[in-house]
Amino acid sequence: MSSNVHLLDHPLIQHKLTLMRRKDASTNSFRRLLNEISMLMAYEVTRDMPMQDIEVETPLETMQAKVIDGKKLVLVSILRAGTGILDGMLTVVPGARVGHIGLYRDPKTLTAVEYYFKMPGEMENRDVIVVDPMLATGNSAVAAVERLKELNPKSIKFVCLLTCPEGVATMQKAHPDVAIYTAAIDRELNSHGYILPGLGDAGDRIFGTK
Ligand code: URA
C-alpha cells in the first residue's frame with residue numbers, strides 16, 4: 001500500500017464499521033456509528049496539524065501551552081453523504097470552517113457533475129480535509145479536489161469510511177499529493193459503481209431514503 005494511503009485499523013473503528021455493514025442496521029444506528037467513527041478518524045487525520053504556543057495562567061503560574069488554530073482548517077463535505085462524516089468531525093474540531101461541494105454521479109457514465117460549490121474565504125491560507133464516506137469510482141473525489149486546487153489551499157487530505165483498489169488508483173493517479181485516510185479497502189467495484197462487499201448506498205443509509 002502506498003505511503004499516501006492511511007488505513008485506520010484501530011479496533012474501535014473496525015468494530016463500528018462492521019456493525020454499519022450489516023444490512024439490518026437501522027438508520028439511527030448507522031448514523032450514530034458513522035458519527036462515532038468520524039470523531040475517531042478526525043483524531044488520526046489531524047495528528048500532524050500545526051500548533052502554536054500561547055501564554056496560559058494556571059492557578060499556580062504562567063506557562064506557554066500549545067493550541068491548534070481550528071479556524072485555519074476547512075472541512076469540505078461532498079454532498080450529500082459527506083454530511084455523515086462532517087458532523088462527527090465538527091464535534092471534535094468545533095472551530096473548523098466548513099465548505100460544501102454538490103456533486104452527483106451521472107447514473108449512465110458514473111462521472112461527477114457539479115451543482116453546488118461554497119467555500120470560506122482565504123482558502124490559500126487553509127488546510128483542507130475533504131470528507132465523503134465512499135471512495136468508489138473516485139470520479140467525485142477527483143473532481144472535488146480538482147475544483148479545490150483552483151483555490152490554492154495549503155494542503156488537501158481526503159477522508160472516507162470505505163474505498164476499493166479502483167477508487168484508490170483513480171485518486172492517486174489524478175492527485176498523488178493528496179493523502180487518503182480510510183477505515184477499509186474492500187475487494188472491488190461492481191459494474192454499477194458500488195463497492196463490494198461494502199455497505200450499500202451510504203447516503204440512503206444515513207438519511208433513510210430507501
Ligand atoms: N456510493 C455508495 O454510497 N456506495 C457505494 O458502494 C459506492 C458509492
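The values are calculated or read from the model by the stated rules, or taken from the named source; none is laboratory data. Please read these numbers as outputs of a predicted model, since none were measured by experiment. For neighbour counting, all protein chains shown are included, and Cβ atoms are generated from backbone atoms with ideal geometry for every residue, glycine included. The area values use the complete protein model at the heavy-atom level, side chains included, leaving out ligands, DNA and RNA. Shrake-Rupley method; radii C 1.70, N 1.55, O 1.52, S 1.80 Å.
Of these, Gly88, Gly84, which one is modelled with pLDDT under 95 and closer than 30 Å to Val113 by Cα?
Gly84
Taken together, Ile68, Ile101 contain a single residue that is modelled with pLDDT under 95, under 20 Å from Tyr181 (Cβ atoms) and not small (Gly, Ala, Ser), which is Ile68.
Here Val145 does not fit the description of being away from the ligand (no atom under 16 Å from the Cβ) and open to solvent by 40 Å² or more (accessible area, probe 1.4 Å). Scanning segment 105-135 for residues that are of a type in the set (Lys, Arg), in a strand (DSSP E or B) and modelled with pLDDT under 95 turns up just one, Arg105.
Criterion applied to Pro176, Pro153 was being in contact (Cβ under 8 Å) with a residue 12 or more places away in the chain, touching an Asp or Glu at 6+ places or on another chain (Cβ under 7 Å) and away from the ligand (no atom under 13 Å from the Cβ), and the one residue passing it is Pro153. Hey, does segment 142-154 have a residue that's touching a strand residue (DSSP E or B) at 6+ places or on another chain (Cβ under 8 Å), part of a loop (DSSP other than H, G, I, E, B) and under 21 Å from Lys16 (Cβ atoms)? There is no residue in segment 142-154 that is touching a strand residue (DSSP E or B) at 6+ places or on another chain (Cβ under 8 Å), part of a loop (DSSP other than H, G, I, E, B) and under 21 Å from Lys16 (Cβ atoms). Highlighted here are the helices (runs of 4 or more DSSP H) found entirely within segment 4-104 that include at least 2 residues which are under 23 Å from Ile156 (Cβ atoms) and among the polar types (S, T, N, Q): 82-92.
In segment 116-133 there is at least one residue matching the filter, namely being out of contact with any Cys (no Cβ under 7 Å at 6 or more places or on another chain), open to solvent by less than 30 Å² (accessible area, probe 1.4 Å) and within 16 Å of the ligand (Cβ to nearest atom).
Answer with yes or no whether Met171 is open to solvent by less than 10 Å² (accessible area, probe 1.4 Å), within 14 Å of the ligand (Cβ to nearest atom) and either free of Cβ contacts under 8 Å to residues at least 60 places away in the same chain or among the hydroxyl-bearing types (Ser, Thr, Tyr) (or both). When the stated conditions are applied, Met171 passes them. Among the conditions (1) more than 21 Å from Ile185 (Cβ to Cβ); (2) at pLDDT 95 or above; (3) open to solvent by 50 Å² or more (accessible area, probe 1.4 Å); (4) within 17 Å of the chain's Cα centre (by Cα), Gln14 misses just one, which is (1). Residues that are within 16 Å of the ligand (Cβ to nearest atom) and aliphatic (A, V, I, L, M) were ranked within segment 71-81; the one that is modelled with the highest pLDDT is Ile78.
Does Tyr181 qualify as being at pLDDT below 95 and either in a strand (DSSP E or B) or open to solvent by less than 10 Å² (accessible area, probe 1.4 Å) (or both)?
For Tyr181, the condition - at pLDDT below 95 and either in a strand (DSSP E or B) or open to solvent by less than 10 Å² (accessible area, probe 1.4 Å) (or both) - is not met.
Cβ-Cβ distances below 6 Å connect the following pairs, each with a first residue in segment 118-138 that is closer than 30 Å to Pro107 by Cβ, a second residue that is away from the ligand (no atom under 16 Å from the Cβ) and of a type in the set (Gly, Ala, Ser), and a separation of six or more residues or different chains: Met119/Gly99.
Flag: Ala96 does not match the condition of being within 16 Å of the ligand (Cβ to nearest atom), of a type outside the set (Lys, Arg) and surrounded by 18 or more Cβ atoms within 10 Å (Cβ to Cβ).
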